[in-house]
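The values are calculated or read from the model by the stated rules, or taken from the named source; none is laboratory data. As the structure is a prediction and not an experimental result, all values here were calculated from the model. Glycine also receives a Cβ, built like all others from the backbone with ideal geometry; neighbour counts cover every protein chain displayed. SASA here: full protein model, heavy atoms, side chains in, ligands and nucleic acids out. Shrake-Rupley method; radii C 1.70, N 1.55, O 1.52, S 1.80 Å.
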Amino acid sequence: MASTLVAGILAGCGGKETSSGGGDTIKIGANLELSGAVASYGSGIAAGVDLAVEEINKNGGVDGKKIEIIKVDNKSDGPEATNAAIKLTSKDKVTAIIGAATSGNTVAQAQIANDTKTVLISPSGTSPTVTVKEDGSVNEFVFRTAFIDPFQGTVAANFALNDLKVKNVAIYADNASDYAKGLAASFKETFEAAGGKIVAEESYVAKDTDFRSTLTRIKAANPEYIFIPGYYEEVGLIVKQAREMGITVPLMGADGWDSPKLVELAGADALNNTFIINHYSSEDQDATIQKFVKAFGDKYNGKSPDAFNALGYDTVYLLVDAMKRAETTSDSVKIKDALAATKDLSLITGTITVDKKHHLIKSATVLEYVDGKQKFNTKVNP
C-alpha cells in the first residue's frame, strides 16, 4: 500500500498539508530495500510502483496532478529505513511513503509516521506488529497491502492437513525474524489443534550458510512435510542442502520465498515438490489480472510479474483510491481516515477490506514450484 507522508505537523488533530500535494505534482516517497539482503523484494515493489504511476499519470493523474516518485534505498537495514523516512518527510516533503518491503524495516518508521501524522503503508510487511504496537494499540497512520502472518501460517497448516494429507511434520524457522517466528507459531497452533503432530522444531539464524547438521536431526525425526518460514537467501540453501541429503518430502514456506533468486540458490530440480503461500498468481485467468500481466510484460521486456511487483502496483492504486474518497491529495488525516474505511476494494492481489487493526481481509494463493516455475495450485479465502 502507499503511505501518505506529509511534512510538518499542524497543531491539534488537523491533517498535515504538503506543498507537493497542493502544487502541480504529488510527491510520493518510496522507502525500499533496493540493495542489501532482500533487494529482490524492494526492487520488485519499485517496478510495480513505476508501472502504476505511469498508468495514472497517462490518464491525467489525481485531481489533475501528476505523481512523482522519490526513491530512497534503505539498504535492507532498519536504521537506514528510519533515516530514509526522516529525509523523505523533512527534506523532500513528500505527500506519501511507500515501503518498506519487510516488516522490520516498516516498524522502524512507524513512530515517525505517527509522530508526524504521516500515513505509512507497507506493500508486503506481513507481521501484525507493522500496524499494532506491543501494548495492543494501533499505529494510527500505518497501513499495509499484504495479508498478515497468522493467516499465512493457518493457510499452510490447513494445506498440509487437507491437501497433502500429512500428520507428522517438522518446522524449521529463522529464530531472529519476527516474520518467521510469527508464521511458525500460527502454523503450529493450527496444525496441532487439528490433531497433527510436530515431530521436530528447529531454528536457524539469518546469514547462516550450512544447514546440514540441523537438517540431519530433522531427517532423523522422519517428518512427512517440513514448514520453512523465512527469506529466500537462506531458504534457497536449505532446500538445496535438504535435497542433497535425501530429504524428498514436501517443503513449504510463505511469501518470503518469493524471489527469482530462490531458483538460482536452490536449483530448479530441488524446488520440485515445494509450495509457497503468496499474494497472487500471474497464472490466475481473471481478466483484470491478465491485463496487469500484459501491461507489466510490455513495460519490462516480457517479464512475468511476481507478487512483489503486484503489491507495489496495488499500493499506488490503494493510495490513489483513498485520496479520491478523501477528496484531497495533501490532508494526511483525511487520507488516513479514508484508508481505514477501505472496504471491498478490488485490486490485483485480491479484494481488500481494512479492519480496525489496519490488517487486511483478503485471499491468499498457494503456488507450487514445478521445474523452477511457480504454478497456481489453489486460492484460499479468509
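Side notes on the structure shown:
- Compactness of the range 150-278 is given as radius of gyration and Dmax, 12.9, 37 Å, from Cα positions.
- Normalised contact order of the range 150-278, rounded percent, pairs of Cα under 8 Å and 6 or more residues apart: 26 percent
- Sorted into 10 angstrom bins from 0, the C-alpha pair distances of the range 16-153 split as 13, 43, 35, 9, 0 percent.
- Relative contact order of the chain, pairs being alpha-carbon contacts under 8 Å that are 6 or more residues apart, as %: 20 percent
- Computed per residue of the chain from DSSP H runs no shorter than four, each worth -39500 (n - 2.57), the mean residue ellipticity at 222 nm is -12000 deg cm²/dmol.
- Total formal charge among the other residues, if their Cβ is under 15 angstrom from that of T288, Lys/Arg +1 and Asp/Glu -1: -3
- If only the Cβ of Lys and Arg carry +1 and only the Cβ of Asp and Glu carry -1, the dipole of the range 150-278 around its Cα centre is close to 380 debye.
- In this structure the amide hydrogen of T378, modeled in the peptide plane, comes within under 5 Å of the amide hydrogens of V366, none closer than 5 places in sequence on its chain.
- Charge tally around K379: other residues with Cβ under 12 Å, Lys/Arg +1 each, Asp/Glu -1 each, net -2.
- Percent antiparallel among DSSP beta bridges (both partners in the chain, rounded to 5): 40 percent
- Largest to smallest in accessible area, the residues R217, R144 fall in the order R217, R144 (1.4 Å probe, all protein chains included).
- For the range 252-310, taking the reciprocal of the average inverse distance between every pair of different Cα atoms yields a Kirkwood hydrodynamic radius of 12.6 Å.
- Lysine pairs with alpha-carbon atoms under 27 Å apart, the range 150-278, spacing 8 or more or separate chains: 27
- The phi torsions of the range 369-374, fed into the Karplus equation with coefficients 6.51, -1.76 and 1.60 and a -60° offset, translate into couplings of 7, 10, 6, x, 10, 7 Hz, rounded to whole numbers, with Gly and Pro shown as x.
- Cβ-Cβ FRET estimate between K373 and T351, R0 fixed at 30 Å, reported to 0.05: 0.65
- Cβ-based net charge around G36, under 14 Å, with every Lys or Arg adding one and every Asp or Glu removing one: -2
- Taken per residue, the accessible surface of the range 33-135 reaches 35 Å², heavy atoms only and a 1.4 Å probe.
- Put simply, the chain fits an ellipsoid with semi-axes of 36, 21, 18 Å; these come from the alpha carbon gyration tensor as the roots of five times its eigenvalues, largest first.
- Cross-link table K291/K356; K65/K294; K133/K343; K294/K379; K117/K379; K65/K117, entries beyond 28 Å C-alpha to C-alpha: K291/K356; K117/K379
- Residues considered: S213, S76, S346. Largest GNM mean-square fluctuation over the chain, using C-alpha springs under 10 Å, is found at S213.
- Legend: Rg and Dmax of the range 146-213, from Cα coordinates, 12.4, 34 Å.
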